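Take a look at the structure below.
Since every read-out is calculated from the coordinates, none of them should be taken as a lab result. Owing to the predicted nature of the structure, the values given are computational and were not obtained by experimental measurement. Quick reminder, even Gly has a Cβ in these numbers, built from the backbone with ideal geometry, and neighbours come from all protein chains shown.
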Amino acid sequence: HDGYDPHSVIDKWIRVWEERRVFEAQGLTADEDGERPRSFLVSMYPYPSGDLHMGHAEVYAISDASARFARLRGDNVLNPIGWDSFGLPAENAALRRNLDPREWTYGNIDIQADSFRHIGVSFDWRTRLHTSDPEYYRWNQWLFLRLFEKGLAYRKSAAVNWCPVDKTVLANEQVLQGKCERCGTDVEPRELTQWFFRTTDYAQRMLDDMAQLEGKWPGEILAMQRNWIGRSEGAYIDFAVEGRDEPVRVFSTRPDTLYGATFFVVAADSPLAAEVCAPEQRAEFDEYVQKVRTRNDVERLATDRPKTGVALNRCAVNPVNGEKLPIYAADYVLSSYGTGAVMAVPAHDQRDLDFAKVMGLPVRRVLDTGEPDPAESGVATTADGTLINSGRFDGLSKQEAIAAVTAELVECGAGEAAVNYRLRDWLLSRQRYWGTPIPIVHCSSCGEVPVPDDQLPVRLPESGYELRPESGVSPLASAAEWARVSCPRCGGEAERDTDTMDTFVDSSWYFLRYPNPDYTDGPFDPEGVRRWLPVDEYVGGKEHATGHLMYARFITKVLYDLGMVDFVEPFTRLTNQGQVVMDGKAMSKSLGNLVNLQDQIARYGPDAVRVTMVFAGPPEDDIDWADVSPTGSVKWLARVWRLCGDVATESSGAVEDGDLPLRKRVHRLLAETTALMERKRFNVAVARLMELTSALRKAVDTGPGPADPAVREGAEALARMLSCFAPFTAEEAWERLGGEASVIEHGWPVTDPALAAEERVTCVVQVAGKVRARLEVDPSIGEDALRSLALASEKVAEALGGAEVARVIVRPPGLVNVVPRK
Ligand code: ANZ
Ligand code: ZN
């Protein structure tokens, strides 16, 4: 039969690829190291939440096109796959269905692995890793201990975001508008002793090293990270406080406004506020703090919220003029930023001004910016200007005053220049079961004792634990037998740490293990890493901008400092793919607009789904599945298949004897497609392949005919290029042309520059019989196109001098004669 069945060919080609090991990188495990340039292309590894969905299909259609193109061009490509297989959903599913989280997780991994094979993704399966394997997570523990030794892992009590439903602590980035990212419940603050990684020690390096990423990562991601790190320059200023020995330090970006400080604010939930509060204000203060604790930072910082606070009936003393400033506790100052205290300058800071109005506090302008006085306008001014009301600093500009006031503070020992970062340390403790146990033992005499390296991994208990203990403690704390150990240092009775690590620890270094996932002498094989890392291109969603991508950069720098890698940035290039949406909205069960990937594959075949994904737009754009046409893709692929069957088995001569205009067309399309692939404009590249298909179809049907060598040349090129997007159809097409398996072993077709060169001829344009203009045109230009081109010429318009055109005689490509009306 002559219909193309995209389903029946799948298993055949999967077998051929695996037998011929066409997707295996050279020099991955053995010492044989190829001459070919290496390309390490990584897509953010999937979470095994079920079968693959439309979003996966998009990411992998895009990244696989890149990998296949690089391979066809002769690169030694490593295209790995692993699973991010720890995490909360496994626990939730296990609770709902009463099974072991392992069953759910590894069952889904098998389903996804099978689906990846059946959509023809060109992974090197030897890289396969799962972060929930003890052989993997032991190295999370090993890394944790290295950070612990360097003082980069520490414990502190902190107010954390607590989800009362999931009974767990959430990282800031898991809280969306005050609600748990996973279940949508209002998050509550809670004090717990938590493990942190000291990411703040690396804040400046995270900023500085972005110079390496400029132009290679999307600018938007770099901007988000820069903002997340939030470097501010300014000064620390020390204020003496009545009844307190130590002064209180504030961070200010505007030391120039020091004379404009009219009051002083401390974060209501800070220990300082509780300490400073006068006895007669205690009751009011305590009540206020209770309310503050239910609000999150985003709410607290919102400028449009009415300001609230409590007077503490104490004063702070301005170090430059001795002025006494009343102290307030308020929620618009955060305990976790700067020093948790601010000097309030209502004239030049809107939040302070709003607070001053509520409390009836004075507003004193110290910078004349030419704008209305904030005391009257209610609008704080932040522009540059001239200092006023500032003693001997009057007359200086903002910048001059920042320097002068800071110098004065240094001189009188009341402050110093300072840099402050918005970035917080990475809170990594999770009160969950399905994660990496923290390899620390708590001993009443020795304190925090690291589990010795040779006792790793600390394995998760497989029984004797509760996933959701009633008491709200960590599941591991319910595994009493597991938790009870002898202290590695003194041998006395001790307790294991019962928290597990944030799964972002797992993903901060997994790409280093890909070249040798079975390596046992360390977290990764140094030789494999030397050969393949850093990652040449990383593909994934921009939702990871300030999470995963920051953590991976941080851990890479730590590994560099440990002498384990010789680069400081893990991902040389970053590509963010868009999302697949339906009718303009993100797909979700609740909206009922979920498109099921397997249904689409069953209807259209894997190749058509892949082609539809890449043809919909450039990789970084969102795809609206309501606007695309998988049927169109099905039809095109069937046309390619039929075309390749119609090309004669024996050509009528050598390729040089092929039809010249057709060869030129083919090579021009080839040159264009190649350039588009290099720039990752896959959608336009597919459009060129469609053009090529039409040109060849026409050549077969209306001449020069199916046996012309130019037809074969074009069809073979088409099959090879198509393998980037529709791998199964490309193999079938290649086979029909009489080629040997596999098409991807035959390389990307080479353009003949002489044939691809754009030919130009000169066209002479006459007006009333006189030559007035010369145009460089395509030799195959049509009559209409040439007429418009000639009439659009300025020189022709000039020669006409406003006269109407009576007639245009067009003889493509060499002559146009414009006849004006007399
Ligand atoms: C006095 C002042 C005068 C300020 C002025 C600004 C304008 P960024 O740029 O974000 O670093 N601040 C300091 N610690 C704070 C905290 N824990 N919670 C809320 N606000 C805090 O902001 C630094 C500025 O934010 C600091 O400079 C301080 O107010 C305030 F005309 O000091 B400024
Ligand atoms: Zn001990």
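From largest to smallest, the equivalent ellipsoid semi-axes obtained for the range 37-96 from the alpha-carbon gyration tensor read 31, 12, 6 Å.
When the convex hull of its Cα atoms is viewed from all sides, the range 644-736 shows a mean projected area of 5.3 nm². Ordered from longest to shortest, the equivalent ellipsoid semi-axes for the range 282-325 are 26, 16, 8 Å, each the square root of 5 times a Cα gyration tensor eigenvalue. Centre-to-centre separation between the Cα atoms of the range 753-797 and those of the range 152-229: 61 Å. Database remark: amide H of Val160 closer than 5 angstrom to the amide H of Arg190, Glu191, Leu192 (H placed geometrically; neighbours at sequence offset of 5 or more, or on other chains; Pro and chain starts carry no H). For the chain, the mean residue ellipticity at 222 nm estimated from helices alone is -11000 deg cm²/dmol, where every DSSP H run of n ≥ 4 contributes -39500 (n - 2.57) and the total is divided by all residues, rounded to the nearest 500. If the Kirkwood radius is taken over C-alpha pairs of the range 56-174, then at 10 °C and 1.306 mPa s the Stokes-Einstein diffusion coefficient equals 89 µm²/s.
Relative to the longest principal axis of the Cα atoms of the chain, the long axis of helix 219-229 makes an angle of roughly 10 degrees. Karplus-based coupling profile of the range 724-741, in residue order and whole Hz: 5, 10, 10, x, 6, 4, 4, 5, 4, 4, 4, 5, 5, 7, x, x, 9, 5, with θ = phi - 60° in 6.51 cos²θ - 1.76 cosθ + 1.60 and x standing for Gly or Pro. The mean sequence distance of close C-alpha pairs (under 8 Å, at least 6 residues apart), as a share of the length of the range 136-289, puts its relative contact order at 14 percent.
Between the helical axis of 630-646 and the longest alpha-carbon principal axis of the chain there is an angle of about 40 degrees.
Once the Cα-Cα distance is subtracted from the 0.36 nm per residue extended length, the Ile14 to Glu181 segment shows a gain of 56.2 nm. Across the range 700-711, coupling constants 3J(HN,Hα) worked out from phi with the 6.51/-1.76/1.60 Karplus curve, θ = phi - 60°, read 5, 6, 10, x, x, x, x, 9, 5, x, 5, 5 Hz, and Gly and Pro carry x. With only the Cα atoms considered, the range 296-432 has a convex hull volume of 151 Å³ per residue. For Leu78, the residues 5 or more places off, or on other chains, whose built amide H falls under 5 Å of its own are Ser39, Phe40, Leu41. On C-alpha positions alone, give me the angle between the axis of helix 398-411 and the longest principal axis of the chain, in degrees, nearest 10. Value to nearest ten degrees: 40. Compared with the direct C-alpha span, the chain from Glu470 to Thr303 gains 56.2 nm at full extension, assuming 0.36 nm per residue. A simple rule links phi to the HN-Hα coupling: the Karplus curve 6.51 cos²θ - 1.76 cosθ + 1.60 with θ = phi - 60°, which for the range 199-215 gives 5, 5, 4, 9, 3, 5, 5, 4, 6, 4, 6, 4, 4, 5, 9, 3, x Hz, with x for Gly and Pro. Each principal axis of the Cα cloud of the chain was taken in turn, and the coordinate range along them, longest first, works out to 102, 83, 49 Å. Site pair Asp201 and Leu594 shows an inter-label distance of 4.4 nm when each label is modelled 7 Å from Cα along Cα→Cβ.
Cross-linked pairs Lys216/Lys542; Lys770/Lys795; Lys664/Lys698; Lys150/Lys557; Lys291/Lys357; Lys216/Lys680: Cα-Cα separations exceed 18 Å for Lys291/Lys357.
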